[in-house]
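These notes are about the structure you will find just below.
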Amino acid sequence: MSNIKYNWDGLTGLFSIVFGLAYGGYAYSLPQPMFGNPLEAIFLPLAVSAISIFIGVLLILSSGFTPSMLAIKALLNESSQRKSDRRKIAITCVICVLYAMLFEHAGYVISTFLFMFSMLTVTCGKTFWKKSALISIIFAGGIFITFNEMLSVNLPPFPFFN
Amino acid sequence: MDILTNLMNGFGVALQPYYLFLILVGGILGTVIGMLPGLGPATGVAILLPMTFSMGPTASLIIMMGVYIGAMFGGSRSSILINTPGDGAALAATFDGYPMAMKGRAEAALAISAIASLIGGTIAAVLMTLMAEPVAGLAIKFGPAEYFLLMVAALSMTVSMSKGNMLKGFLSMCIGLAISTVGIDGQSGLQRFTFGVLELQTGIDFLVVIIGIYALGEVFKSFRTLSEGSKKAQTKFKKIWISKEDWQRSKWPILRSAPIGFLIGALPGAGGTMASLMCYNNEKQLSKNKSEFGHGAIEGLAAPESANNAASIGAMIPMLSLGVPGSGTTAVMMGALLMLGIQPGPLLFAQHPDTAWGLIASMFVANVVLAIVNIPLAGVLVRLLAIPPKVLYPIVLSLAFVGCYAISASVVDFYILIILGVAGVIMARADIPTSPMILAAIVGGQMEQSFRQGYRISNQDLTTFMDSSIAQGLLVVTLLSILLPIISAIRSKRIERTIVTP
């Protein structure tokens with residue numbers, strides 16, 4: 001047991017099988033096309049599904065689940081610094097989702113200012129808030145002008161001036 | 001002779017002041033992006049992509065080429081000065097570059113890396129000039145069956161070159177192919193895997209996949225370096241140049257490594273990291289001063305630098321001539337061309353000679369411009385290493401989102417971007433390579449259409465995929481690329497067993 005190195009192969013294999021079954025099952029349940037060979041549109045999805053399941057089985061057979069269990073234990077026992085890094089990634093994801101929800105309603109400049117300010121607070125800390133606010137407003141305004149005026153890429157404008 | 005005339009016409013394009021300016025701007029941006037740890041050329045080109053939409057295809061490709069080559073030049077700056085490679089291709093530069101800087105020879109290290117990059121890049125550009133059109137000429141003979149097999153071969157080669165586990169490479173490929181099947185099927189009109197979301201009917205743009213994995217994924221992974229803090233780089237230098245003895249020791253490694261790097265770069269999925277590591281090991285084997293390697297041997301820095309620049313140009317061959325990208329960066333460039341209505345591939349040279357030859361000529365020009373920028377201005381450029389990553393990463397994230405919006409004008413892609421960014425982190429943790437997924441997402445749609453066209457043309461006879469000699473050759477390449485790593489793994493396991501049980 002002590003000689004076993006941890007890895008994620010077993011769980012990756014399990015994911016591969018579940019992915020293959022779900023993807024292949026969904027592909028098989030798709031409605032048939034109105035014309036042509038009814039199976040043609042699902043040839044590739046079914047092939048991908050079969051390969052995924054096969055790969056999953058091979059990964060599990062070659063590695064088993066013990067190294068993956070050890071990997072989970074190692075992950076749970078990681079240093080507090082690593083746990084903090086993961087928390088930062090999770091917070092960043094939440095900020096990104098909120099940004100996506102706000103983007104078209106609040107317009108580019110406002111939503112990007114809020115996004116940048118939140119992100120800089122996550123990476124630099126709260127004490128840096130004045131510089132964060134300044135960087136955020138310059139960045140959001142600068143990019144908006146560059147894209148809308150110079151590059152002809154229309155970003156959502158201010159909501160109140162439409 | 002035709003090649004020479006075409007190349008001269010290409011120079012006529014590349015040397016126009018506007019294009020020279022673009023090469024310079026792209027080159028400097030690329031150098032800066034390449035220098036910053038965690039941000040490689042693919043990230044750089046991906047986040048700058050929307051800025052090229054208002055340019056024509058030639059200008060767009062030329063500025064991206066400048067960024068690509070610039071990132072290759074810049075990647076080694078941080079390797080040499082702070083022992084942190086800007087991207088994977090600059091990893092080998094840490095082996096001897098950093099020890100050189102530690103011994104007080106940072107000036108020679110910076111100079112030889114730029115000189116080796118210049119020579120390697122120029123040799124590769126010559127090889128590119130000679131090979132691009134003949135390869136494209138061969139590709140004109142391809143029918144749907146050959147195209148399907150070409151993409152299968154490209155995918156299997158990328159999978160077989162996956163670091164570590166080939167099985168996981170296959171899984172990564174399957175995920176990429178699954179992404180490519182989202183949207184309305186072009187031949188039957190059937191909606192596949194759209195889950196009732198209107199925006200998914202047009203499919204998931206592969207540029208979104210690339211930005212998600214390279215920009216968001218890399219930034220997420222880089223949170224670790226935030227907590228570790230950044231290292232301080234030397235910013236004051238004496239004259240950045242090399243001695244005669246340094247040149248004598250470096251010239252053959254540079255010349256030997258360039259063609260090897262070019263050929264490795266031309267293989268889909270191989271790229272600059274593999275080229276530079278392979279050439280480093282080659283030089284170590286050939287050198288009379290083996291013991292110096294790893295302790296500041298100048299040839300140990302010159303060889304990989306020459307190779308990775310040559311590889312970046314080699315990666316252009318499959319993209320320009322066959323329409324199959326050889327690396328993440330060329331995938332983004334291909335995406336830019338497609339968005340501008342130009343199909344890369346064998347007909348590019350016939351239909352858009354200005355774009356194709358202008359790009360090839362710009363490779364020569366970019367190498368010279370970047371050597372001029374990187375040698376005398378090294379001291380100024382490396383000051384940018386002082387930009388704290390904690391400010392830089394939010395900017396990269398924001399640029400990734402604006403780039404994504406510029407592609408599709410849809411916030412649905414933001415959610416896909418976030419999911420892919422997280423997927424990038426999880427895949428890195430589970431040692432699942434991302435390059436097969438990206439290549440599969442790019443070529444999956446075309447591969448499926450080619451298969452179905454070939455299948456229909458032959459009246460549903462699968463032997464059409466084995467009929468021509470090109471098809472047979474591609475099948476052999478596919479089989480070899482899968483079987484060789486398996487055989488070599490079995491052999492090394494047997495050797496291990498014999499060592500353990502004498």
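For this structure, a couple of remarks:
- Mean shadow area of segment B:101-231 over all directions, Cα convex hull, nm²: 14.0
- Take each residue of peptide B:166-174, count the partner chain Cβ atoms within 10 Å of its Cβ, and average: the result is 6.
- Considering only alpha-carbon pairs that sit under 8 angstrom and 6 or more positions apart, the relative contact order computed for segment A:19-112 is 23 percent.
- Restricting the calculation to alpha carbons of segment A:84-137 gives Rg and Dmax of 11.2, 32 angstrom.
- A simple packing score, the average count of other Cβ atoms within 10 Å per residue, orders the peptides A:81-93, B:108-120 as B:108-120, A:81-93, with the highest score first.
- Only Cα pairs under 8 Å and 6+ residues apart enter the sum, and on that basis the relative contact order of segment B:132-289 stands at 19 percent.
- Relative contact order of segment B:279-423, pairs being alpha-carbon contacts under 8 Å that are 6 or more residues apart, as %: 11
- With Rh defined as the Kirkwood radius, the inverse of the mean 1/r over Cα pairs, the Rg/Rh of segment A:18-162 is 1.18.
- In chain B, the DSSP-assigned H stretches of four residues or longer account for a calculated mean residue ellipticity at 222 nm of -23500 deg cm²/dmol, using -39500 (n - 2.57) per stretch and the full residue count as denominator.
- Inter-chain shielding of B:389-402 (mean C-beta neighbours from other protein chains, 10 Å cut-off): 6
- Excluding same-chain neighbours fewer than eight residues apart, the lysines reachable from residue B:244 by a Cα-Cα span under 20 Å are B:103, B:288.
- Convex hull projection area averaged over all views, segment B:338-413, Cα basis, nm²: 8.0
- Other protein chain Cβ atoms within 10 Å, averaged over every residue that makes up B:213-224: 3
- Simple spin-label estimate for residue B:236 and residue B:461 in nanometres, 7 Å along Cα-Cβ: 7.9
- Pairwise alpha-carbon distances in segment B:346-502 exceed 23 Å for 73% of all pairs.
- Entries in B:239/B:284; A:126/B:221; A:88/B:238 that, when Cα-Cα distance is taken, lie over 32 Å: A:88/B:238
- Each pair of Cα atoms in segment B:169-303 enters the Kirkwood radius, and Stokes-Einstein at 25 °C and 0.890 mPa s then converts it into a translational diffusion coefficient of 124 µm²/s.
- nm² value of the averaged projected area, convex hull over the Cα atoms of chain B: 25.3
- Cβ-to-Cβ counts within 10 Å put B:295, B:352, A:105 in ascending order as A:105, B:295, B:352, the fewest first.
- Proxy reagent accessibility, fewest Cβ within 10 Å first, across A:48, B:45: A:48, B:45
- Stokes-Einstein diffusion for segment B:29-101, with the hydrodynamic radius set to the Kirkwood value over Cα pairs and evaluated at 25 °C in a medium of 0.890 mPa s, equals 202 µm²/s.
- 10 Å binning of all Cα-Cα separations within the protein assembly as shown, expressed as whole percents from 0 upward: 3, 15, 25, 28, 20, 8, 1, 0, 0
- For the peptides B:134-143, B:253-262, B:388-397, residues were scored by their other Cβ atoms within 10 Å and the scores averaged per peptide; the highest-first order is B:253-262, B:388-397, B:134-143.
- Amide H contacts under 5 Å for residue B:191, placed H, 5+ residues apart: B:185
- Within straight-line cross-link reach of residue A:73, aspartates and glutamates at Cα separation under 19 Å, skipping those fewer than 8 residues along the same chain: A:9, A:85, B:431
- Cubic angstrom per residue, convex hull over Cα atoms of segment B:64-164: 119
- Here the convex hull built on the C-alpha positions of segment B:225-329 has a volume of 150 cubic angstrom per residue.
Rule-based calculations on the coordinates, nothing more; no lab input. Quick caveat: nothing in here was measured; it's all calculated off a predicted structure. Cβ: placed from backbone, ideal geometry, glycine included. Neighbour counts: every protein chain shown.
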